[in-house]
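Below is one structure; the comments refer to it alone.
All of the numbers you see were taken from the coordinates with simple rules; none came from a lab. Just so it is clear, the model here is predicted, and its values are computed rather than measured. Here the Cβ positions follow ideal geometry from the backbone for every residue, glycine too, while neighbour counts run over all protein chains shown.
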Amino acid sequence: MALRVLQRAAFLHNTGMMVESRRHHKHSFRLIRDTPLPDFTAEERYEIACIARYHRRALPSKDHGEFAALSLSARKRVSRLAALLRVADALDYSHDGRVLHLAVLPELCKHDAWTFSIQARPLAEIDEEFEQARDKADLFEHEFHRKLHLLRQN
């Protein structure tokens, strides 16, 4: 279930751009929440909306009504999936497919840090993607209790 929900959230997370760029994450939440999605229950759709809501800016918080409305297990799932989406979104910062592949490097992972190999298009500059990923790793590091390290591989 979690993979399907994450995939749909990743696909829909920028739908709010149709309404407004600056607060599109909030508009994405409302659009997803209010639009039936075939093959998803109302609860799954709400989680998808919350994941999209937290793909940028504020972290999930029980002070936010939409997040507080979730069960404890759903809040945990939404937080973890939003953490993954935040990093993925950062690695697509230029929106031109510079990053081709992401993989865990188990031999470089430690109990307090996970290292991911990033494969980019030849000659593609990905400094901005790495900087954005470092900025948006906050939720990842909080949820998984591990630092996020990225390593470019060619």
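Residue-wise test of (1) crowded, with 19+ Cβ neighbours inside 10 Å; (2) in contact with a Cys (Cβ under 9 Å, 6 or more places away or on another chain).
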residue	(1), (2)
4	no, no
33	no, yes
36	no, no
42	no, no
51	yes, no
54	yes, no
59	no, no
Search result, residues across the range 137-154 that are touching an Asp or Glu at 6+ places or on another chain (Cβ under 9 Å) and either free of Cβ contacts under 8 Å to residues at least 24 places away in the same chain or farther than 14 Å from residue 87 by Cα (or both)
145
Here the residues within the range 27-44 that are touching a residue at least 12 places away in the same chain (Cβ under 8 Å) and assigned to a helix (DSSP H, G or I) are 27, 28, 29, 30, 31, 32, 33, 43, 44
Quick one: would you say residue 103 is among the aliphatic types (A, V, I, L, M) and touching a His at 6+ places or on another chain (Cβ under 9 Å)?
no
What is the number of the single condition among (1) farther than 21 Å from residue 133 by Cα; (2) surrounded by fewer than 17 Cβ atoms within 10 Å (Cβ to Cβ) that residue 11 does not meet?
(1)
